Every structure is written in structure tokens, then in C-alpha cells.
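First comes the structure, then the notes that go with it.
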Amino acid sequence: HSEARAGEFIPISPDVAICDDCRRELFDPHDRRYRYPFINCTNCGPRFTIIKDIPYDRPQTTMAPFKMCPDCQAEYDDPANRRFHAQPNACPVCGPQIWLQVGQTVVAREDEALHAVRDLLRAGAIVAVKGLGGFHLACDATQDGPVARLRERKGRVDKPFALMTFDLAAAERLCFVNEDERRLLTSRERPILLLRRRPDAPISPLVAPGNRHLGVMLPYTPLHYLLLEPAADFPLALVMTSGNYSEEPIVTDNAEARRRLSGLADAFLFHDREIYARCDDSVTRLFAGAELPVRRSRGYAPYPVHLPFDGPQVLAVGGELKNTFCLTRDRYAFLSQHIGDMENYETLRFFERMVAQLERTFRIEPQMVVHDKHPAYLTTRYARECGLPRRAVQHHHAHIAACMAENGLTGERPVIGVAFDGTGYGDDGAIWGGEFLIADYRGFRRAAHLAYIPLPGGDAAIRRPYRVALAHLWAAGLPWDKGLPPVEAASSSERRVLARQLEQGVGVVPTSSVGRLFDAVAALIGLRAEINYEAQAAIELENIVRAEERGAYEFGLSGETLDPAPVLRAVIADQRAGVERGRIAARFHNGLARAVLTVCRRIRREEGLEEVALSGGVFQNVTLLQAVVPLLREDGFTVYTHRLVPPNDGGLALGQAAIGIRST
């Protein structure tokens with residue numbers, strides 16, 4: 001661990017989207033910064049991504065190499081000027097510059113480079129654009145050709161791409177946008193917001209196949225505004241996806257971009273302001289008029305979450321997927337930006353570098369490291385090797401603690417924690433994911449869970465929902481009848497091997513995962529037999545729900561076990577009777593919501609608890625939340641959901657940290 005310099009710490013501002021004043025100057029031909037891509041002031045611009053250390057002064061940032069010209073210096077020194085002590089202050093005379101490169105050749109600089117890039121994008125090229133926290137890969141989102149090429153090069157079969165539009169008016173031509181969504185789209189954080197797509201949206205169907213939502217963001221840097229300036233022959237929206245091969249960290253520096261992205265991009269729009277902290281775009285949804293974070297990163301990190309208690313300084317290392325980590329000091333929990341999936345060496349290096357950087361910047365010297373109980377996680381290995389006292393925390397306990405902490409619960413009274421996700425290491429060595437816990441920060445008791453099914457081939461089954469469906473049918477004692485989509489999806493030899501595995505219990509892992517139940521239902525109705533990105537089957541199942549359908553499938557409940565067998569029987573019966581898939585999907589969502597209510601009622605009767613915390617990746621599903629939350633509230637429960645950190649594993653570190661602090 002790097003030695004943190006002693007002394008007071010000062011919270012660092014996240015990067016802030018360009019303000020209205022700077023945008024006016026950007027497009028004002030009489031302004032000295034007219035069309036300058038790095039315009040900023042004390043109210044906006046880069047912060048977290050350029051800061052090397054505190055105090056936040058220019059020499060401690062990546063703006064250090066750019067000496068201010070007399071005009072900029074005069075603004076910087078004038079208390080009445082809105083650029084008074086604006087550390088990244090610059091202009092075309094003294095500040096960073098852009099250039100366009102194709103192969104080894106610089107083909108244009110400054111404003112000419114922008115015109116040339118726009119010509120390339122019009123012509124269907126894929127351009128790597130250096131932004132605020134890393135490179136984006138940009139292309140015309142209205143044409144199939146460029147989007148198909150980008151998918152092929154990036155090896156990204158179906159996972160949706162994010163879009164950027166010039167303004168709200170353009171976003172509203174693509175999607176339905178309500179008042180709350182307008183507020184979020186234009187906020188200083190400028191997240192990617194998941195919006196309901198208009199049926200006539202002039203966007204290539206390849207941008208987000210099988211999805212009725214589009215991820216849309218508005219420009220957050222002056223460079224983006226110049227890039228997307230409306231013109232009759234310029235696309236209404238650009239794909240703006242992170243500059244990386246799938247599962248690698250986003251690329252940040254020019255040499256690395258030439259090395260790693262030359263197979264993906266036809267041209268590069270570079271600039272010479274160094275990115276010190278890489279930072280992906282944030283992703284969010286709207287639920288009941290407020291944010292439901294999916295990925296908390298640019299614009300939010302490293303702004304702290306306020307804890308309802310203080311304690312020792314702790315490092316919580318998060319999970320394996322969608323990793324973030326958390327450092328605490330006093331009543332502040334500093335969550336890192338999105339680190340990514342800890343499956344490769346590059347991501348682990350990024351993780352280690354950011355831990356050292358935030359410890360140094362916030363003057364934190366952790367007294368304890370908190371990690372997931374999964375013995376094989378890279379984060380667990382890191383925790384073992386970092387030489388601090390450590391505490392292992394069960395995955396779903398951490399989810400519930402994260403929800404409690406961000407809602408300001410002190411933990412004096414336990415809550416009913418409903419933790420639904422795809423996978424988390426259970427105390428009995430099984431894979432949990434359908435859990436009802438009686439939990440506070442000091443511990444938990446498992447009050448009920450989804451019935452275990454044997455998952456054949458572990459991770460391989462997760463990529464093939466038809467195998468999950470076959471395992472669910474087997475566990476429910478239902479035959480593998482010809483004509484059922486998952487049965488048809490498997491070859492006869494594969495079915496023989498699977499049957500033998502299930503009967504002998506060889507090569508199977510027991511799981512109580514609700515995420516896998518979504519997979520099984522999606523496969524049973526012929527929606528998705530195999531997936532090529534995480535949670536694809538569940539996302540597509542949510543996307544076909546017919547909102548007007550009120551019917552609900554009924555789960556069995558015996559003792560502590562929630563039994564999905566009656567649901568599977570009903571799904572098969574409806575599927576055979578020709579019931580529309582959207583209605584089956586709705587009845588499944590409604591049935592799961594009612595099952596949550598039934599179990600929570602039973603726990604209330606037995607334990608007298610009335611507060612419910614909902615967490616885990618399944619609760620990114622707004623359709624499910626819209627069914628569950630009103631049912632619980634109407635029945636007298638107080639319900640807590642996520643508003644500050646994601647319900648998925650991106651919020652895990654906050655829960656780990658809270659448990660670590662309270663356990664000392």
C-alpha cells in the first residue's frame with residue numbers, strides 16, 4: 001500500500017459536463033474560444049480524470065505541461081472572473097490540441113480535424129475518439145453497415161451500444177422522454193440513460209437488438225458538441241461505445257490506443273491532454289421518478305456516499321464482475337469508478353493502481369480489508385496478499401448492507417433483505433441468488449430461498465439458458481418432452497450426457513439463483529436458447545412483458561423453500577395453449593412479485609420485521625420493481641431500493657465496507 005501523505009483530505013469533484021456559459025462561448029464566433037474543444041471554467045470540465053494528487057492545483061494535474069498565456073492567466077487571477085482558479089483553464093493559444101490520424105499519418109489538426117472526422121463518420125467509418133475518461137469508438141448509428149462492422153470487429157454480438165445525440169430534441173426523436181428523464185439527461189453528471197425507444201426511431205436495429213430501450217447520453221465535453229453539431233447530412237445519433245475489446249479496461253493513452261484499437265478503428269481523433277484516471281460512462285435507469293444506477297462511474301465517482309456511522313478506515317474490494325472498490329474515512333464511503341470484470345490481468349492492474357491512487361489522494365490508510373467469501377475471486381486473492389487484517393463477507397449479505405447503508409439505516413433493527421441475482425458464493429458452498437435474509441451489518445440469518453436446482457457444467461450452463469431450463473424441468477420432475485424449445489435446442493447426445501450428470505450429481509453445482517430462473521423461463525418460451533452477454537435472457541424477457549397483463553403464476557412455499565415447479569408447469573401449459581410470450585413474461589414477473597410479498601409476510605408474522613431492502617442484479621429490472629414495491633408498500637412494509645449505488649455487483653463494495661466497519 002502506498003504511503004498516504006498525512007494531513008487533511010479534500011473530496012475530489014467528479015468530472016462535470018460542460019456548462020451553459022461555456023457552451024455559448026463555444027458557438028460564439030466573436031469569442032476567443034470559439035470552437036475550442038477544451039473550453040471549461042470553475043463550474044464545469046475535467047476534475048477526477050486529470051488530478052494526480054491534492055491539493056487540486058494545476059501542477060498536480062495533467063494540465064501542468066500547458067503554461068497559461070497572458071489572457072488565460074489574467075482570467076485565472078481575477079476573483080470576479082468565472083475562470084478564477086479554474087485549474088484546467090486554457091485556450092487555443094496555450095492549451096491542449098486535437099489532431100486526426102489515419103494509420104501513421106496526421107491528416108488534419110484543430111478545426112480541420114473536426115470537419116474531416118465528421119466526413120469520415122458520414123461515410124460510415126469507425127473513429128476512435130479520445131474523450132474525458134478514455135477513448136470512445138464512434139460511428140453512424142442510423143446505418144446498419146458501420147454498426148455491423150463495429151460489432152464484428154469488437155466481437156460484440158448483441159449487447160446494446162450506447163448512443164450520443166446533440167441535444168434533447170434529437171433524443172426525443174429516438175425515444176419517449178418524460179420530465180424526470182429530461183432532468184437526468186441534461187444533469188451535470190450526463191449519464192447514459194436507458195429510455196423507451198420510439199417504434200419509428202431512425203436508428204439501426206443492430207444498435208440494441210431484442211431491446212425496447214436505447215441507452216442515450218447527451219454531449220458532456222465541448223469536443224462532443226463540435227463532433228455532433230447538427231447538419232442536414234450528418235447522422236442524428238452516433239454510437240459511442242467504450243474504446244476497448246470486450247472485457248478489457250477502456251483505453252486512455254494515445255500510444256496504447258494505436259496499439260490496442262488499430263484493429264477496431266479506421267481513424268483516431270487524438271488530443272494531448274493526458275487522462276490520469278480512466279473512467280467509463282455511467283449508466284442509469286429511472287424508477288418511480290428517481291435514479292436507479294446500473295453503473296456508477298463518470299460524473300459520480302469518486303463523490304462519497306455518506307454513511308450513517310463512522311469507524312476505522314476500511315478497504316472493501318468488491319466482487320468479480322462489474323467491480324468497484326470502496327475506501328472509508330470518517331462517515332464517507334469513497335466508491336471507485338467502474339473497474340470492470342476482474343477476469344484478466346489488465347483489469348487487475350487497473351484495480352491495483354486505482355486503490356493506490358485513491359488511498360493517496362484521500363489520505364486513507366486502511367486498517368482492514370473486506371472481501372467476498374468466494375475463494376477463487378481475484379479480489380479475494382488480492383485481499384489475502386495485501387497484509388492487512390481481513391474480513392470475508394457473504395455476497396448477498398453485502399448486497400443488502402449496501403442498500404441499508406445508502407438509505408441511511410443504522411442497523412439497530414434488522415431488515416428483511418431480498419437479494420436476487422445470478423450468482424454469489426453461499427455459506428454452504430452452493431451458488432446462492434434467490435435469498436430472503438434477516439440482516440443487519442453484524443450478521444444475517446437465511447430465512448427463505450428459492451429451491452436449489454443442480455446446475456450442470458456451472459459457467460457453461462450460464463451461457464446456455466436451454467441447459468438451465470432442462471435442469472429446472474428435471475428438478476421439478478417435469479419430462480423433457482419433444483416440442484419444448486429447450487429440449488429442441490439440445491442434441492440427443494447432449495441430452496443423454498445432461499440426464500446422466502443430473503441423475504448422478506456429477507459435475508453439477510446446486511444453485512438457488514433467481515437469475516437462472518429468468519434464463520429457464522426465457523428458454524422455455526423459445527425466446528433465447530443461448531446468450532452472448534451477461535443477463536441477456538433476463539433483459540429480453542423483461543423487454544417483451546405486456547404491461548396490461550394482470551395474471552400471475554403461483555410459486556409453492558414449503559418451510560424455507562420457494563418452489564418454482566408450479567410456475568414452470570404453468571409456463572409450459574400457457575406456451576402449449578398458444579398464449580402470447582409477452583403475457584407469459586408478464587405473468588412470471590407478477591408471480592415473482594407476489595412470491596416476494598408472501599415470504600415477507602411470513603417473516604413479518606414470525607419476526608415482527610416490517611422493513612424490506614431489495615438488492616442484487618435482478619432488481620435492475622424496473623418491471624419487477626414496479627410490481628414488487630407497490631405490493632409491499634400497500635401491505636404495510638417500508639421498502640428500500642437503490643438510488644445511489646447499483647443493485648448489481650457494482651454496489652457490493654459499499655455493503656462490504658459497512659459490514660467491515662460495524663464488525664470491529
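The values are calculated or read from the model by the stated rules, or taken from the named source; none is laboratory data. Since we're looking at a predicted model, the values are computed, not measured. Virtual Cβ from ideal backbone geometry, glycine too; neighbours counted across all protein chains shown.
Considering region 147-165, the residues that are buried (at least 16 other Cβ atoms within 10 Å of the Cβ) and hydrophobic (A, V, I, L, M, F, W, C) include one that is farthest from residue 202 (Cα to Cα), namely 150.
Per-residue answers, yes or no, for (1) farther than 29 Å from residue 340 by Cβ; (2) part of a strand (DSSP E or B); (3) out of contact with any Pro (no Cβ under 6 Å at 6 or more places or on another chain):
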position	(1), (2), (3)
80	yes, no, yes
100	no, yes, yes
118	yes, no, yes
139	no, yes, no
146	no, no, yes
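Looking at 153, 182, just one residue is among the basic types (Lys, Arg) and under 26 Å from residue 27 (Cα atoms), and that residue is 182. Checked against (1) more than 15 Å from residue 402 (Cβ to Cβ); (2) buried (at least 21 other Cβ atoms within 10 Å of the Cβ), residue 288 passes all but condition (2). Of the strands (runs of 3 or more DSSP E) lying entirely inside region 281-335, those containing at least 3 residues that are within 18 Å of the chain's Cα centre (by Cα) and more than 22 Å from residue 351 (Cβ to Cβ) span 283-287, 290-295. The single condition from (1) in contact with a Gly (Cβ under 7 Å, 6 or more places away or on another chain); (2) modelled with pLDDT under 95 that residue 652 fails is (2).
Condition check ((1) basic (Lys, Arg); (2) within 26 Å of the chain's Cα centre (by Cα)) across all residues:
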{"residue": "601", "(1), (2)": "yes, no"}
{"residue": "606", "(1), (2)": "no, no"}
{"residue": "612", "(1), (2)": "no, yes"}
{"residue": "619", "(1), (2)": "no, yes"}
{"residue": "627", "(1), (2)": "no, yes"}
{"residue": "632", "(1), (2)": "no, no"}
{"residue": "635", "(1), (2)": "no, no"}
{"residue": "645", "(1), (2)": "no, yes"}
{"residue": "652", "(1), (2)": "no, yes"}
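Of the helices (runs of 4 or more DSSP H) lying entirely inside region 166-227, those carrying at least 2 residues that are surrounded by fewer than 20 Cβ atoms within 10 Å (Cβ to Cβ) and on the phi < 0 side of the Ramachandran plot are 168-174, 179-185.
Consider residue 328 carefully, then state whether it is under 27 Å from residue 376 (Cβ atoms), crowded, with 23+ Cβ neighbours inside 10 Å and polar (S, T, N, Q). Considered against the rule, which asks whether it is under 27 Å from residue 376 (Cβ atoms), crowded, with 23+ Cβ neighbours inside 10 Å and polar (S, T, N, Q), residue 328 comes out as yes. Restricted to region 368-485, the set of helices (runs of 4 or more DSSP H) holding at least 2 residues that are of a type outside the set (Lys, Arg) and touching a Gly at 6+ places or on another chain (Cβ under 9 Å) comprises 395-406.
Yes/no per residue for (1) modelled with pLDDT of 95 or more; (2) not in a helix (DSSP H, G or I):
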position: 2; (1), (2): no, yes
position: 14; (1), (2): yes, yes
position: 23; (1), (2): yes, no
position: 54; (1), (2): no, yes
position: 59; (1), (2): yes, no
position: 74; (1), (2): yes, no
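Residue 342 satisfies every condition listed in (1) surrounded by fewer than 21 Cβ atoms within 10 Å (Cβ to Cβ); (2) part of a loop (DSSP other than H, G, I, E, B); (3) at pLDDT below 95 except (1).
One residue alone among 171, 141, 116 is free of Cβ contacts under 8 Å to residues at least 24 places away in the same chain and among the aliphatic types (A, V, I, L, M), and that residue is 116. Taking region 486-504, which residues are outside any helix (DSSP H, G or I) and within 35 Å of the chain's Cα centre (by Cα)? Result: 490, single match. In region 119-138, which residue that is touching a residue at least 40 places away in the same chain (Cβ under 8 Å) and over 26 Å from the mean Cα position of the chain (by Cα) is nearest to residue 221 (Cα to Cα)? Filtering first and then ranking leaves 121.
Quick check on residue 93: is it over 15 Å from residue 227 (Cβ atoms), of a type outside the set (Lys, Arg) and not in a loop (DSSP other than H, G, I, E, B)?
Numbers: over 15 Å from residue 227 (Cβ atoms): yes; of a type outside the set (Lys, Arg): yes; not in a loop (DSSP other than H, G, I, E, B): no.
No, not satisfied.
Checking each residue of region 395-408 against the condition of being crowded, with 21+ Cβ neighbours inside 10 Å, in contact (Cβ under 8 Å) with a residue 60 or more places away in the chain and more than 21 Å from residue 445 (Cβ to Cβ) gives at least one match.
Here residue 555 does not fit the description of being among the aromatic types (Phe, Trp, Tyr), at pLDDT 95 or above and within 27 Å of the chain's Cα centre (by Cα).
Do we find that residue 297 is within 24 Å of residue 147 (Cα to Cα) and not β-branched (Val, Ile, Thr) in this structure? When the stated conditions are applied, residue 297 does not pass them. The condition of being crowded, with 23+ Cβ neighbours inside 10 Å, modelled with pLDDT under 95 and β-branched (Val, Ile, Thr) holds for only one of 462, 453, that being 462.
Does any residue of region 258-270 turn out to be under 23 Å from residue 65 (Cβ atoms), touching a Ser or Thr at 6+ places or on another chain (Cβ under 7 Å) and buried (at least 23 other Cβ atoms within 10 Å of the Cβ)? The answer is no, given that none of the residues of region 258-270 is under 23 Å from residue 65 (Cβ atoms), touching a Ser or Thr at 6+ places or on another chain (Cβ under 7 Å) and buried (at least 23 other Cβ atoms within 10 Å of the Cβ).
Residues in region 600-627 that are aliphatic (A, V, I, L, M) and either surrounded by fewer than 21 Cβ atoms within 10 Å (Cβ to Cβ) or free of Cβ contacts under 8 Å to residues at least 40 places away in the same chain (or both) were compared, and the one that is farthest from residue 416 (Cα to Cα) is 622. Restricted to helices (runs of 4 or more DSSP H) entirely inside region 548-635, those with at least 1 residues that are basic (Lys, Arg), in the same structural domain as residue 537 (by TED's automatic domain parsing) and in contact with an Asp or Glu (Cβ under 6 Å, 6 or more places away or on another chain) are 581-607. Checking each residue in region 186-207 for being out of contact with any strand residue (DSSP E or B) (no Cβ under 9 Å at 6 or more places or on another chain) and either within 25 Å of residue 291 (Cα to Cα) or of a type in the set (Phe, Trp, Tyr) (or both) picks out 186, 187, 199.
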